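The values are calculated or read from the model by the stated rules, or taken from the named source; none is laboratory data. Bear in mind the structure is a predicted one, so any value in this text is a computation, not a measurement. Heads up, the Cβs are rebuilt from the backbone with ideal geometry, glycines too, and the neighbour counts pull from every protein chain shown.
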Amino acid sequence: MTMTVTTRAGGAQPPVPADDEAPALPKRPIPGALARGARGLCPACGAGRMFSSYLKVAPFCQTCGEELYHQRADDAPPYAVIFVVGHIVVPLMVIVEELFHPALWVHLAAWLPLTLFLSLVLLPPLKGMLVALQWALHMHGFDPASPEREEPPLVAPLVAPLLAPASRTPPAP
Ligand SMILES: [Zn+2]
């Protein structure tokens, strides 16, 4: 197979678009990523777990290897939880007060546990959605050209003993 290269007779090169310098980032549909993040799944493959514990984001997806340590959810999930839980609990509190005028201790016994319960239940899905949104929008280190991109965390010393081949020699008799 031969390739022929043609050049312009005048010698002037066509202008190179600036987009050619940085490769186009892959399209990542936001709704699907949000749905996977809300279920605590990797936004890329939807099979691996996003969290290694209750709220700790795993550095990598255990299924597809997606680098999740680029996330910078920071304190956004608690803000989202306050927003959502506030819009559930406060209207309920006002409605119950207007309809039944219960004693103050009834309010405390009802709304404090409900607020705590809803906050703990909603934190993981809302954090998962925020991490997935950052992933889908190529925010922070999820953009390969971003100056915020960091080296992977040092997980090798923790994983190395598990990955090492069984090269131990059996004990001498
Ligand atoms: Zn994955």
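Of the residues 34, 130, 120, only one is in contact with a helix residue (DSSP H, G or I) (Cβ under 6 Å, 6 or more places away or on another chain) and away from the ligand (no atom under 16 Å from the Cβ); which?
Residue meeting the stated conditions: 130.
Among the numbered criteria (1) outside any helix (DSSP H, G or I); (2) in contact with an Asp or Glu (Cβ under 9 Å, 6 or more places away or on another chain); (3) modelled with pLDDT of 95 or more, which one does residue 152 miss?
If we test residue 152 against (1) outside any helix (DSSP H, G or I); (2) in contact with an Asp or Glu (Cβ under 9 Å, 6 or more places away or on another chain); (3) modelled with pLDDT of 95 or more, just (3) comes out false.
Go through 106, 85, 81 for me and flag whichever is assigned to a helix (DSSP H, G or I), over 29 Å from the mean Cα position of the chain (by Cα) and farther than 20 Å from residue 31 by Cβ.
Details: 85 fails: over 29 Å from the mean Cα position of the chain (by Cα); 81 fails: over 29 Å from the mean Cα position of the chain (by Cα).
One residue alone meets the criteria, 106.
Is it true that some residue in the stretch 66-77 is over 22 Å from residue 151 (Cα atoms) and part of a helix (DSSP H, G or I)?
yes
Which residues, taken from the stretch 45-70, are more than 13 Å from the ligand (Cβ to nearest atom) and touching a Lys or Arg at 6+ places or on another chain (Cβ under 9 Å)?
Of everything in the stretch 45-70, those that are more than 13 Å from the ligand (Cβ to nearest atom) and touching a Lys or Arg at 6+ places or on another chain (Cβ under 9 Å) turn out to be 55, 70.
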